[in-house]
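Report on the following structure.
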Amino acid sequence: MDESVYAALEWDRVVRAVRSRCVGPTQSHEDLPIARDAQATRVALEETAEAIQFLEQGDPVPVEGIKDIALSLSRVARDGALSGIELRDVGLTLAAARVLRKFLGRNRAHVPHLTAACPIDPTLDDLEDHIAHVIERDGKVSDHATPELRALRTEVANVRARLVGRLEELLRQHAVALQDSYYTVREGRYVLPMRADAHDRIQGIVHGTSASGATVFIEPRAIISYGNRLKIAEGEMEREEQRILLAVTDRVRGSLPTVLAAFDALNHADLRAASAKFARDFGARVVRLEDGARMRLVRVRHPVLAIDGGSVVPNDVEVASGHALVISGPNAGGKTVALKTVGLAALMVRAGLPLMAEDGSVAAFFDPVMADVGDAQSIAKNLSTFSAHVRNVARMLAASGPRALVLLDELAGGTDPSEGAALACALVDAFTAKGAAVIVTTHYEALKARGLAAPTLRNASVGFDVATLAPTFELLLDVPGSSSALVVAERFGIPTGVIAAARDFVPEQVRSLESLVTDVRERMRSVAEEREALALERAKVEREHGALREEREKYRARDQKGLSEGAAELAAEMERTKKELAEARRALRDAPPSDDTIRTARAALDAAEGARRDAQGASAPSTANPDASGEGTSSEHLVPGVRVRLRTLGQEGEVTQVTDKGKVQVAVGAVKLWASIADVVPLGKRKDSTTTQPAVTRPRGATIPTSDNTLDVRGMRVDEALPLVESYIDRRYATGEGVIYLHHGVGTGALRDAIRELLKRNAHYACTVRAGTADEGGDRFTVIEF
């Protein structure tokens with residue numbers, strides 16, 4: 001791509017914004033890699049999307065610790081040796097590569113594209129461990145590098161200690177002749193600062209004087225041998241250190257291709273991580289790449305304006321191969337901004353960068369991206385603005401094709417308006433005929449009119465507030481714009497008469513078009529305002545609905561709490577009732593039956609029955625619970641004897657009593673329940689009490705088992721059934737019942753035998769116990785006649 005395109009679109013501003021978010025050495029680079037084909041572009045976008053995903057999850061791609069080792073590796077490739085500091089940086093970079101490799105391996109399923117783009121050889125771990133063992137964090141060779149180095153350093157330390165000890169003795173002996181009580185090093189030799197007038201008091205070698213000449217630095221003869229030995233030991237130590245550094249450099253050289261690959265992988269991952277940070281900081285997102293050459297950007301923002309921190313008006317823009325978007329409107333209204341926004345978006349997509357656009361946007365691979373923006377006047381080449389402009393457009397036309405994106409700012413401007421308009425129309429047609437996607441800004445009415453008629457052209461306009469003489473920077477599609485030159489001129493002081501005369505010179509068709517455009521813009525502004533008002537109203541309604549939902553949940557929670565408290569009270573009441581029933585039963589058993597005993601027991605039973613009925617009524621639903629048909633149950637269908645189903649319990653029973661308060665008593669087996677009429681569903685007709693039954697011979701007082709005189713204990717364990725049998729007999733005995741039935745079934749006979757044994761033990765009842773006859777159900781029933 002021509003470098004002038006990058007300059008015209010201010011691409012370097014985007015590059016700096018992304019690179020500044022890198023942590024490695026590439027943060028100072030002045031470029032970004034641009035994909036050469038659609039597949040590479042798609043991969044780059046996928047890599048950035050993966051980095052964004054992990055950044056949003058709080059687990060960003062790890063790239064910390066990268067050092068700039070490019071020059072060091074270049075020197076290694078030329079057989080050079082590395083210093084301790086350089087080798088340390090290589091080791092730190094390899095340590096960062098190890099962390100990145102483990103991260104990618106751990107998340108391979110979620111970052112397949114980054115994993116493929118960042119290959120790191122795991123054998124480099126051994127090289128990194130070796131460097132860390134040999135080189136300290138400050139770049140010095142470690143004492144543990146070799147035993148020889150450790151021995152030489154010990155020798156150097158011992159010799160230095162003896163030399164310093166001897167110097168301290170001399171300092172004490174010749175304190176009077178010393179300029180100061182210290183020793184120093186001159187030219188690698190240890191010396192004492194002697195006064196110039198007393199330097200002959202100590203025999204030795206003079207290694208220099210002070211600037212004033214008052215001090216003479218002498219190496220005493222007594223320590224010369226120590227100094228010589230120290231020099232020799234230090235030389236051997238330095239040679240060993242250099243040999244170690246060369247050996248480590250050779251190991252790096254042996255793995256140079258994989259080290260370079262790891263370094264490149266780190267820098268690549270650093271760029272993608274920086275792109276993810278860019279997306280986070282500016283609310284950008286990776287846009288889906290389409291196969292065709294069509295780009296649709298929803299509420300896109302100019303990235304450079306957003307980077308500068310200013311307020312950016314988002315706009316919808318669409319451009320496609322073989323089509324042109326003609327943007328018109330007043331100067332400084334945002335035409336060029338819209339044009340550059342699309343150009344930057346095309347470059348950012350090819351660099352794998354996220355766009356500052358909303359969901360629903362789609363991108364395309366455009367190649368090449370060409371632009372003619374700004375003043376191209378060249379005095380040196382004797383070219384006017386128009387001449388340079390035409391030359392550039394001609395070059396662009398020659399390079400255009402189905403994948404080209406062409407950006408033309410004020411096409412064919414700077415010449416005769418009528419000829420310029422004709423040339424602009426012809427050039428736009430030529431570009432679209434070659435399949436290029438074109439965005440052109442213009443003031444030419446002919447080009448605007450062609451945007452209304454030609455199927456390959458589409459008009460768009462930037463807004464301008466006439467009242468404030470300020471641009472709105474809003475891009476309105478499918479409507480051409482007015483230059484508003486006369487309005488601006490009048491507001492800035494041109495006399496009214498001059499403006500009126502100028503309007504007379506404007507061609508009628510131009511005035512009609514501008515009037516039509518103004519009317520359309522006003523209508524669209526009105527629609528936009530209504531849409532915004534509706535959106536606000538909708539948001540308000542949704543907030544109110546949310547508040548109502550919260551209030552409903554609050555009441556529901558409160559009702560549940562109330563029901564729980566009521567259930568606890570009912571449970572306590574039922575417990576008291578059970579105690580009262582037990583006491584009444586004991587009274588009947590322990591005392592001979594008498595009128596007083598029976599009356600007392602009857603009163604207790606009545607009280608218990610009332611409590612049970614209240615509890616049942618309280619637990620019944622307060623509102624109708626319609627059945628599947630959605631209809632309630634009418635009281636006229638509910639009479640004693642009708643079979644019904646309880647909706648809330650899913651059980652079937654028989655109506656025994658109906659009240660005028662909307663309540664009905666239903667016998668479910670041996671248990672009678674109160675429910676609301678709306679909670680029951682009739683299942684069959686009432687039994688006809690007049691139905692003729694075959695004549696049978698029954699024992700004295702025998703009847704037939706019904707739900708009113710039968711206790712059903714089938715399927716219960718003995719310990720569960722016996723208390724119910726006792727309670728049932730007590731209630732029926734107290735009410736003066738004649739005959740009752742206990743339905744226990746046959747089974748193994750254990751429950752039947754236990755019930756009859758219980759009745760034998762409680763012989764104080766004035767009753768007869770027998771098995772049921774054939775028409776009473778046989779041995780499945782035990783019959784009690786009081």
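General remarks:
Conditions tested, residue by residue: (1) open to solvent by 40 Å² or more (accessible area, probe 1.4 Å); (2) within 60 Å of the chain's Cα centre (by Cα).
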| site | (1), (2) |
| --- | --- |
| Arg717 | yes, yes |
| Leu724 | yes, no |
| Ile755 | no, no |
| Leu759 | no, no |
| Asn762 | no, no |
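- Search result, residues across the stretch 523-542 that are open to solvent by less than 70 Å² (accessible area, probe 1.4 Å) and modelled with pLDDT of 80 or more: Ala533, Ala535, Ala539, Val541
- Within the stretch 5-51, the set of residues being farther than 25 Å from Arg395 by Cα, in a helix (DSSP H, G or I) and charged (D, E, K, R) comprises Arg13, Arg16, Arg19, Arg42, Glu46, Glu47, Glu50.
- Only listed residue being over 25 Å from Val668 (Cβ atoms), more than 60 Å from the chain's Cα centre (by Cα), open to solvent by 30 Å² or more (accessible area, probe 1.4 Å) and among the polar types (S, T, N, Q), chosen from Thr735, Thr773: Thr773
- Only residues that are β-branched (Val, Ile, Thr), surrounded by fewer than 22 Cβ atoms within 10 Å (Cβ to Cβ) and within 22 Å of His268 (Cα to Cα) were counted across the stretch 78-99, and they come to 1.
- Residue within the stretch 349-358 that is closer than 27 Å to Gly401 by Cα, open to solvent by less than 30 Å² (accessible area, probe 1.4 Å) and basic (Lys, Arg) present: yes
- For the stretch 245-267, the criterion of a residue being acidic (Asp, Glu), under 26 Å from the mean Cα position of the chain (by Cα) and closer than 30 Å to Glu50 by Cβ is satisfied by no position.
- Pick from the stretch 129-141, criterion open to solvent by less than 20 Å² (accessible area, probe 1.4 Å) and of a type outside the set (Gly, Ala, Ser), ranking: farthest from Tyr226 (Cα to Cα): Ile131
- For the stretch 677-700, the criterion of being open to solvent by 30 Å² or more (accessible area, probe 1.4 Å), closer than 23 Å to Leu742 by Cβ, of a type outside the set (Ser, Thr, Tyr) and at pLDDT 65 or above is met by no residue.
- Filter result (assigned to a helix (DSSP H, G or I) and touching a strand residue (DSSP E or B) at 6+ places or on another chain (Cβ under 6 Å)) within the stretch 766-786: Asp779
- The residues on offer are Ala44, Ala117, Ala51, and the sole one that is in contact with a Lys or Arg (Cβ under 6 Å, 6 or more places away or on another chain), open to solvent by less than 70 Å² (accessible area, probe 1.4 Å), closer than 30 Å to Asp367 by Cα and of a type in the set (A, V, I, L, M, F, W, C) is Ala51.
- Hits in the stretch 401-423 (condition: open to solvent by 30 Å² or more (accessible area, probe 1.4 Å) and under 18 Å from Ala449 (Cα atoms)): Glu410, Pro417, Ser418, Glu419, Ala422, Leu423
- Failed item in (1) modelled with pLDDT under 75; (2) buried (at least 16 other Cβ atoms within 10 Å of the Cβ), with Ile740 passing the rest: (1)
- Here the condition is being in contact with a Gly (Cβ under 6 Å, 6 or more places away or on another chain) and under 27 Å from Val313 (Cβ atoms); of Leu452, Leu353, Leu407, Leu411, it holds for Leu407 alone.
- Any pair with Cβ under 7 angstrom, 6 or more apart, that starts in the stretch 354-372 at a residue that is closer than 30 Å to Ser387 by Cβ and ends at one that is open to solvent by less than 10 Å² (accessible area, probe 1.4 Å) and in a loop (DSSP other than H, G, I, E, B): Phe366/Ala404; Pro368/Ala404; Met370/Ala404
- Selection from the stretch 142-190 of residues that are among the hydrophobic types (A, V, I, L, M, F, W, C) and open to solvent by 80 Å² or more (accessible area, probe 1.4 Å): Val176
- Here the condition is being in contact with a helix residue (DSSP H, G or I) (Cβ under 9 Å, 6 or more places away or on another chain) and either at pLDDT below 85 or closer than 21 Å to Thr656 by Cβ (or both); of Arg752, Arg714, it holds for Arg714 alone.
- Within the stretch 78-133, tally of residues that are in a helix (DSSP H, G or I) and of a type in the set (Ser, Thr, Tyr): 2
- Neighbours by Cβ (under 7 Å, 6+ apart or cross-chain): first from the stretch 136-150, free of Cβ contacts under 8 Å to residues at least 24 places away in the same chain; second open to solvent by 80 Å² or more (accessible area, probe 1.4 Å) and among the hydrophobic types (A, V, I, L, M, F, W, C): none
- Exactly one residue out of Thr209, Thr146, Thr123 is under 30 Å from Leu266 (Cβ atoms) and among the hydroxyl-bearing types (Ser, Thr, Tyr): that is Thr123.
- If only residues of the stretch 755-778 that are modelled with pLDDT under 85 and of a type in the set (D, E, K, R) are counted, the one that is farthest from Ser727 (Cα to Cα) is Asp775.
- Candidates Arg36, Arg75, filtered to the one that is under 29 Å from Asp250 (Cα atoms) and either open to solvent by less than 10 Å² (accessible area, probe 1.4 Å) or of a type outside the set (Ser, Thr, Tyr) (or both): Arg75
The values are calculated or read from the model by the stated rules, or taken from the named source; none is laboratory data. Only a predicted model underlies this, so the values are computations on that prediction, with no experimental measurement involved. So basically every Cβ, Gly included, is an ideal-geometry build from the backbone, and we count neighbours across all protein chains shown. These accessible areas exclude ligands, DNA and RNA; they are computed on the full protein's heavy atoms, side chains included. Shrake-Rupley method; radii C 1.70, N 1.55, O 1.52, S 1.80 Å.
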